[in-house]
1. Under 5 Å between amide hydrogens, which residues at least 5 positions from B:Glu75 or on another chain qualify, with H placed 1.01 Å from N in the peptide plane?
2. Determine the shape class of the range B:112-264: with a ≥ b ≥ c the square roots of the Cα gyration tensor eigenvalues, call it rounded for a/c under 1.5, and otherwise prolate if a/b is greater than b/c, oblate otherwise.
3. So what's the angle, to the nearest 10 degrees on a 0 to 90 scale, between helix B:12-23 and the longest Cα principal axis of chain B?
4. Rounded, prolate or oblate: which one fits the range B:23-154, using the alpha carbon gyration tensor with axes a ≥ b ≥ c (rounded when a/c is under 1.5, else prolate when a/b beats b/c, else oblate)?
5. Using the 4.7 Å Cβ rule, please list in number order the cysteines from chain C without any candidate partner.
6. Please report how far the C-alpha centroid of the range A:205-255 lies from that of the range B:101-141, rounded to the nearest whole angstrom.
7. Under a straight-distance cross-link criterion of Cα-Cα below 13 Å, which aspartates and glutamates are reachable from B:Lys206, leaving out those fewer than 8 residues away in the same chain?
8. Could you please state, rounded to a whole Å, how far the C-alpha centre of the range A:12-90 is from the C-alpha centre of the range C:41-94?
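Every number here is computed from the coordinates shown, using simple stated rules; none is lab data. Being a predicted model, the structure only gives us computed values, none of them experimental. In this analysis, Cβ positions are derived from the backbone assuming ideal geometry, glycine residues included, and neighbour counts consider all displayed protein chains.
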Amino acid sequence: MRERFLTGYNDFVLPFVCGMLFVIVYCMVGLIRIIMQLPAADRKRFFISLVTPKTAIRNIKDIFLKCLIHVDLWKRNKLLGYMHSSIAFGWFMLILVGHIEVLLYTSDLGPKALYYPIFFRYFVAETETTMKGALIFFLMDFFLLVVLSGIALAIIKRVRSRLFGMRRTTNPSFLDLIGLYSLWSIFPLRLLAESFTADISGGSFLTKSLNYVFTEFLSNHANMLPAWWAYSCALGVFFFVLPFTRYMHIPTEILLIPLRNAGIRIVNARKGFARAQVYSCPSCGLCIDACPMGVLKGNIKDTTVYLNRQIRRKNESRIEEISDKCLLCGKCTAVCPVGVEGDKLRIAQRSVRHYNFGPDYSNIDISDQINGCNKFVKNTNSFVSSTGNERVLYFAGCMTALTPAISKATCSILDKAGTDYEIMDKDGGICCGRPMLMAGRLIQAAQLVEKNTGIILGSGADTLLLSCPICYRIFKEKYTLPGIRIVHHSEYFDELISSGRLRVTKGDVRYVFHDPCELGRGCGIYEQPRNVLSAAGEVVEAEKNRKESICCGGSLGSLTLGFDKRKAMTENALNNLTAASPDRIATACPLCMSTFARYSDRPVEDIAMILDTVTERPAARSAGVRPVKGKTDN
Amino acid sequence: MKENIVIIGGGIAGMETAAQLLDLGYKPIIIEKSDHLGGHVADWNRLFPDMSPAADVVRSLASRVSGANIFLNTEISFINKLKDSYNIMLSNGISIVTRIIVMATGFALFDASKKEEYGYGVYDQVMTNKDLEHWFNTGEDPRINDSAMNAVGFVHCVGSRDEKARNTQCSKVCCITAVKQAIELKQKFPDAMIYCFYMDLRMFGKKYEDFYIGAQRDYGIRFIRGRVSEVSENIDGRVIVKAEDTLSGKPVKATLDLLVLMSGMVCSQDSTKVANMARLPIDTDGFLKSRDNVMDIIESPKEGVFYAGACTGPKTVPETLAEARAAALKVHLFIKGLE
Amino acid sequence: MDFGFKLSPSSAINLDNVNPDKFEELHRAEPDVYKCMACGSCTSTCPAGRYSGMSIRKVILALQRGKEKEAVAMMKNCMLCGKCSMVCPRGINTRHLILSICRIYEEERK
C-alpha cells in the first residue's frame, strides 16, 4: 500500500463532503423534531422499545429486510425487487466494504475519514496481488456491477414500467428528477473514475478490464481528475437535493421501522409518526395501480403517493381534496412497501378540519334500547343461562336494515343452530361510530361508542354477533366490552359448521368470494367466509383477492365521491370478481352486496343468505323452541 | 304484395300494427318470444279509466290478426344488414329477408327484488303490481288471505325516478295503476285500510283525476306523501313499513298485511338485444332512440325500421294503440314510396 | 309580564328577507343539494330521527327558507351513518352535504 498524495486531499472531495454533512445535519434535526413531536407516552414507549432486546432485534431484521433487500417488492415482482435491492444492498455493500478497506489499509485517518472510504482509489494505490487485496478489489467491482445493473433496470423502468408489474408510475416532480438523474449518474461516474486509476491504484475485473480495453482514453491521466470531480459532484448534488425529494425516504424509513415496531400510531395529522410516514414514501407509485379509484383517470392524482407529496408541500386545498375523496379501502396500505398507512393518514387529515358545530349525543337516552334487548338479564334464572349455551346479541347494523335478506337469513341460521339470541337493533339502533370515525370526527365517534357500549353491557349477552364489517371493525378496534366476544357472522357461521351444529348440504354452485375491505384488510378475516362458502358449494377466486381485493366502490369512506362517480369502480371490481366465471358472487357485507347487485350480471348474495338456503332445519327443533337442556343441567 | 313486413313483438302494439296492416291489404309477420299474444296486457285484469277487461282487448286484437303470419315461442337469433334490407334469422331456423321492421318489443317490469330494502322475495307479504293483477285474474296467491286483510300498502315508484335503481325516469302509468288497484282491493276488502305511499301523483290522462277523487272520497284510500325507505317483518309475518309523511313532516310507520310494490317500466333486455342486432341506438333513458322525440317518435334513425309502443318509453294502452296505428300508416307509405 | 296575549314572530316565510349567500356556498360545496325532490326517504330511514327529529330533507328546506336555527337543531344527533345516502333516489351525497353544512353554518351562540 502506498499513499499517492502526501496531503491525502484534493479539492474535488468538497462537493461530496459538503453534501454529506448537509444531509447528516438535516436528518439529525428532522429525527429530533419527529421524536419531540410524539406524545410523551409514545416517546417513552419508543425509547423503551429501542432497548428491549426483542424489538431491537426485530428492528434490525426489518431494516435489513425492508430497506436493503426489499422483500416486499420481491414478492410482488422479481424484476422490481431485484432493481431495488441491487441498488440499495449493492450501494450499502460498497459503503461497507469501502470502509473495511480503509480501516484495513490506512491508519491515522483524522478528517480524511469523511471522504477516504468514497475516494479511496484516488488517494491510495493498493495491490491486488495479495489474496486480501484481490478479494476486496473483486468485491468492490462486483457490488458496483450489481448497482449498475440496478440502475440499468431503473432506466428501463422509466420507459417500460409494465415489465416491472406496474401499469402506472408516479409523475416525478422537478427536484425528484434532479435527484433521479444525479443518482443514476453516481455509479457510472464512479466506474469511470475508478477505471482511470485502475492501472495506478489497482482494480478488478470491471475497472481493470475497462482500463485495459479503452487504454487510449483511460490511460491518459489528464482526464482522470475531471472524472473524479464529476463523481464527487454527482454525489454532492444528490445529497443536497435529497431532503427535498422522494429520496428522503431512505433515511426516514430507518426511523419509521422502529417507530412502527414500538406500536406507535398516528395521533397528529402532520407531526410525529404521520410525518415519519409521509417522508418515508418513496414515491414508487405502487399505490397508483392499487387504488380502486384509478379506473377513472381523473383520480390518479388522488392516490396516497400524491397525498404524501402535497403534505410535504403543505398544499392545504389539495390535501383536503385528496383525503376527502378516498374510499378508505386500505389497499394502498396493504401494498405499500414501506408501510405508509394511506387510510389512517387521510382520517387524520380529516380530523383536523374545522366545523362550526357538530353533533352531540348527550341527550340520547339508551334505557329504551336496553329494555328492548335485555332478555338475558331478565331470564338469569331460567334454563337459558343454565344450559351453558352462549347468549348471542345480534347487531345487524344500519346497512343491514336496508338489506333485510341478510338479517332474516342470519336469524334463520341462528334458529337452526339452536342459538339463543336477541336482536339489538330491531327498531333501529345507534350507529356503531365507524362512519363518523371515517369522517375524522373522532370525539363524536367516541360518544357513539360509549352509547352502544352501555346498551351491550346492559344486555347480559356474552357474544356480540355482527353482520356488517364496518361495524365489526370499530367494535374490534375501539370498543371495550369485558367478557363479551365480538364475532362477525362469517366467523360465527364457520364455527357453527365445523362444530357440527348446522347440517349443511353442499351444492354444485360456483361462488366467488369478494373480500370486503373492512373485513379483510381491516380485520384480517379471509378464511372463515371461504370455509362457509366451500361448505355450500365450490369456491373460485377472483383475479385479485384477499389482501389485494378491489373495493366495491360503495364505501362510506369517501366523503366527496358522489353516487354517479362510483359506477366505473363497481364495474371494475365486478370484472375482477368474475374472471373465473362463477355462477354467483358472494360477499359478507351488506354495503358491498347492494353495491354489486346494482350493476352485476349475476346474483350477488351475502354468505348468510347462501348458508341459510343450504342448511336443513333440524326436525327436533322447530322455530321458537329453544335448544334442549345441556349436560350441566343435572 | 310481396314486400315482407316483420313485426317484432306480439303485444298490443305489435298486434294493432299487424291488424291495421292486414286491413291495408298486407300480410305482416309477427314474431313473439312467448307462447301467446298480448304481452303485458294479457297478464292484466282490468284497465283504467273505465275498468274494461284487459282480456277483451287482447281477444279482439287477436281475432283481428288471425290472418297474419304469427311465430310464437320464437326469438331472433341474429339480424344481418344487407344492401337495402335486413336478413332476420329466427330461433326456429326460418330466415326472413325484409325491408321493413316494426319494433314492438315493449318494456319490462322492473325487477322489484333489486330494491332490496323492500324485501320482495324475502318477506312473505310483499308482492308486485303484476302479482296482484294475477290474483285478480285467478284468485290464487298465498300472500292474500281473505280473512286477514286489515291493512294494505301500495308503494309507488319502485324502480322509477330512482338513480339507485338505475332508472331516473317516471314510469308514467304506475300512479294511476296504484289508484286503480287500490280501489279494486278496497272493493274486495271493504274493511281494509289502504295506503298509497307516493312521491308525486301524476294523474295526466283522460279521467284519471276523477279516478283519484273517487279513490279519496268514495273508497277512503289514504294517500301519504312519502317514499317508503325501509320494510321490516313482524314475528307474525306482517310487514312494517317506514316512510316520512312529508306533508306533516313526521316519520310514519304502519303494520300491513300486504305490501304491493308498483314496479316501474324499464326497457326490456330482449328489446335492447334486438336493437343492438339491428344497430339501433339507445336513448339516454334506456329505451330505444327515435329519430326525433317530438316529430318522429315512431321512426328509428334507420331506414325502414319503425317503432310502436313502449319500446321507446312508458306508455298507456291507448297511447300504444295510437302509435301502432301510426306505425302501420308509416309502413304503408314507406312501401308506396318504394314502388 | 302578562299582556293577555303573546308576542311571537310571524311563522310566515318572507323570501325577501332570506339571505341566500350561505346556501349558495353550500350549493358550491355540494352541487346536488338542489336535486332533492322531498321524497322523505332519508327522514324515514334516519336512526337519529327518533332522537332529534333529524331530517336532512327538512334541513335542506329550512336552510333555503332562512330557518337556520331550526336546521342546526335538527342536525344535532346525526350519526353520519350514511343510510340517507344509500336510500336517496336522486343520488345526493348526503354525508358530504351534512359535513358541509357543519362547516358553513353556525350554531346560535348561547
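1. Those qualifying (amide H under 5 Å, at least 5 residues apart or on another chain) are B:Ser91, B:Asn92.
2. Values: a/c = 1.28, a/b = 1.05, b/c = 1.21.
In terms of gyration-tensor shape, rounded.
3. On a 0 to 90 degree scale, this one is about 30.
4. Values: a/c = 3.19, a/b = 1.90, b/c = 1.68.
Here the range B:23-154 falls in the prolate category.
5. Singleton cysteines: C:Cys36, C:Cys39, C:Cys46, C:Cys78, C:Cys88, C:Cys102.
6. Each part reduced to its Cα centre gives a spacing of 76 Å.
7. List returned: B:Asp50, B:Glu319.
8. 49 Å
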